[in-house]
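For reference, the structure discussed in these notes is given below.
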Amino acid sequence: MADGGEQYEASASALGYLFQFATALHLCIEQWMNAGPDWSIAVEAADDIEQHVGSMTDLLQLKQRAVGVRLTNTSKDLWKTLRIWAEAAAAGRIDLNNTNLYLLTTAELPEGSVGCLLQHRVTRNRDEGLALTLLCDAAKASKTTSTELRKSFAALTGLAKPQQTALLARIQVVGGTGDISDVRTSMLRLAAVAAGHSAAQSFLQRLEGWFYDRVIEQMRTPGGSPVTGVEFDEFFTGLQRQFHYDNLPIDRDIVGMSGDLGEQADKVFVQQLGLIGVGSTRIGYAVRDYVRAFAQRSRWLNESLLRAGEIGEYERRLVEEWESRFALMEEELGPEATEEKMKAEARLIYRWVDTEARFQIRDGCDEVFVTKGSYHMLADERRVGWHPDFAARLMQLLEPAEAHG
């Protein structure tokens, strides 16, 4: 069992990755809103976050620290970052003429410190020359026994003076940035612009799910492809359409559900299909549609994405469409119909549900399993049926089991 220190380090590391993911997604949303499609973003590639916009590259180092922490001239966060960039510049892995280097930290920047002097270029007190002097002085004066810190000192001071100057000219330190909670709050505001205030949380959850899966895929593959502006635009605008007034979101995890016929064998809707001789393969498809519709409708309800009375109105339409067809079947069969004839006509009613009935809960929501699965939900409640005598037959089938249950 890990001790308290190890648990803390593991939690901090995990939170650091989540902070990177959230910040990268926030950057994607901002790029989508403010720029064209000519950009890309990768996590844990050349840096914590690597962003390309046109011909320029932005490398971002992120540091999330506790409230009250200050970025001093000997801070490990500062020097570790400088080492990464200095070594990359010395090895020719970054082109300083076309690369911006950002250190984003939740820590405070003390007045007159290196971090303060390397703030954004519009800041009046930016002074790269003084910052370099302070860094070299700190390296010389340090009595640290830390091997890592000494390697960081050497990485910067080992550069030729022109390279040191060129490196610091590209660095921008941004202090007092928001932590992961602040980043998510900001993204929620942007999501509200995209999908409306009431649906902002649901919209952001789906966007995060897609983005985090996509970044994990990028990180797991050596040289994995970054998220591009074109790719992000395609998903973001598609998700926006699902949150329009005339639409509802269809979730990828629910679309992937297949259902288990064995687990659903005792369901009333399965018994209904058995009454009319539907084959096991098609019953399996029915189970799949039922499971998906049940899960999707439940999620819509839990996330308050449905309007008051909307499900009830939708089910009324489904039932009334079934009623007219069921009544016509009863008329045409008459009282003398054989069992085989009744089953044959009942299968036609079910064929209509399975292949033709496409009643959308909203005009833009055209996912087939919503209609078919909703009919199976109604069949499970015995509000619709396929066999002309389904109510009585089900009573015979189910009452003994219910009595023993």
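What follows draws every value from the coordinates through simple rules; no lab data is involved. Owing to the predicted nature of the structure, the values given are computational and were not obtained by experimental measurement. We place every Cβ from the backbone using ideal geometry, glycine too, and count neighbours over all the protein chains shown.
Annotations for the structure displayed:
- Computed FRET value (nearest 0.05) for residue 308 with residue 241, which takes r as the C-beta separation and R₀ as 35 Å: 0.90
- Calculated translational diffusion coefficient of region 4-238 (37 °C, 0.692 mPa s; Stokes-Einstein with Kirkwood radius over alpha-carbon pairs) equals 173 µm²/s.
- In terms of its alpha-carbon gyration tensor, the chain comes out prolate; a/c meets the 1.5 threshold, and the first ratio a/b outweighs b/c.
- Inter-part distance, region 296-312 to region 249-281, computed on C-alpha centroids, equals 22 Å.
- Summarising the label geometry, the points placed 7 Å from Cα in the beta-carbon direction at residue 66 and residue 205 lie 3.3 nm from one another.
- Lysines with Cα under 23 Å of residue 161, excluding same-chain neighbours fewer than 8 positions away: 76, 80, 140, 151
- Viscosity 0.692 mPa s, temperature 37 °C, Stokes-Einstein D of region 204-293 from Kirkwood C-alpha radius, µm²/s: 203 µm²/s
- Once the Cα gyration tensor of region 276-394 is diagonalised, semi-axes √(5λ) in Å: 28, 15, 12
- Legend: translational diffusion of region 159-230 by Stokes-Einstein, Rh = Kirkwood radius over C-alpha pairs, 20 °C, 1.002 mPa s; D = 138 µm²/s.
- Placing a pseudo-label 7 Å from each Cα along the Cα-to-Cβ vector at residue 144 and residue 319 gives an inter-label distance of 7.3 nm.
- Mean residue ellipticity, 222 nm, helices only, the chain: the sum of -39500 (n - 2.57) across DSSP H runs of n ≥ 4, divided by residue count and rounded to 500, is -19500 deg cm²/dmol.
- The modelled label-to-label distance for the pair residue 120/residue 95, using points 7 Å beyond Cα in the direction of Cβ, is 2.7 nm.
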